[in-house]
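These notes concern the structure reproduced below.
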Amino acid sequence: MGLISFLRDKGRQIFGKKEKEVTKEVALTKTEKLKAEIERLGLNVNDLQLELCEQVIVTGSADTTATAERVALALGNVEGVGSVDNQLNVLNPEPEARYYTVESGDSLSKISKAMYGDPMQYEKIFHANKPMLEHPDKIYPGQKLRIPQ
């Protein structure tokens, strides 16, 4: 999977505003919050381990490539995370998805037209990014999305 870059100042806010300084105690708290986010989304990873340094390093094993990619996106689309090194072992590998960073004025149908040549394929992108996306209209600039083959 490898390293995926994200916009550090965009994304879901799960860290408190007081946690600006990185200390061992704060890093542990942030790691626990990131693990809780993966659990909240129902993404199943065996032996999930997160290391928080300059980036989030994620290890463990996932059943599918799609699950591994969703975990990386869930972690990276958190405000304060600039990159994710996805080292998850995939038990049933499949072709990797492409990634797209949402720009101002984008919609899933506009992205679908650009990526597939058909705006009506937006549901394919929406489903590829569930459970992080709750509604097709709830995307934001800077968010990174999976674009399945």
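Tabulated results
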read-out	value
Residue list for segment 28-50, restricted to those being touching a residue at least 12 places away in the same chain (Cβ under 8 Å) and assigned to a strand (DSSP E or B)	Asn46, Asp47, Leu48, Leu50
Qualifying residues in segment 102-116 (those that are assigned to a helix (DSSP H, G or I) and among the hydrophobic types (A, V, I, L, M, F, W, C)) - the one farthest from Gln149 (Cα to Cα)	Leu108
Filtered residues of segment 59-107 (kept if surrounded by fewer than 16 Cβ atoms within 10 Å (Cβ to Cβ) and among the polar types (S, T, N, Q))	Thr59, Ser61, Thr64, Asn89, Asn92, Thr101, Ser104, Ser107
Subset of segment 53-81 [out of contact with any strand residue (DSSP E or B) (no Cβ under 7 Å at 6 or more places or on another chain) and either assigned to a loop (DSSP other than H, G, I, E, B) or among the aliphatic types (A, V, I, L, M) (or both)]	Cys53, Glu54, Ala66, Ala74, Gly80
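We did not get these values from a lab; they are worked out from the coordinates using the rules stated. Given the structure is predicted, the values throughout are model-derived calculations rather than measurements. Ideal geometry is used to build each Cβ from the backbone, glycine not excepted, and the neighbour counts take in all protein chains shown.
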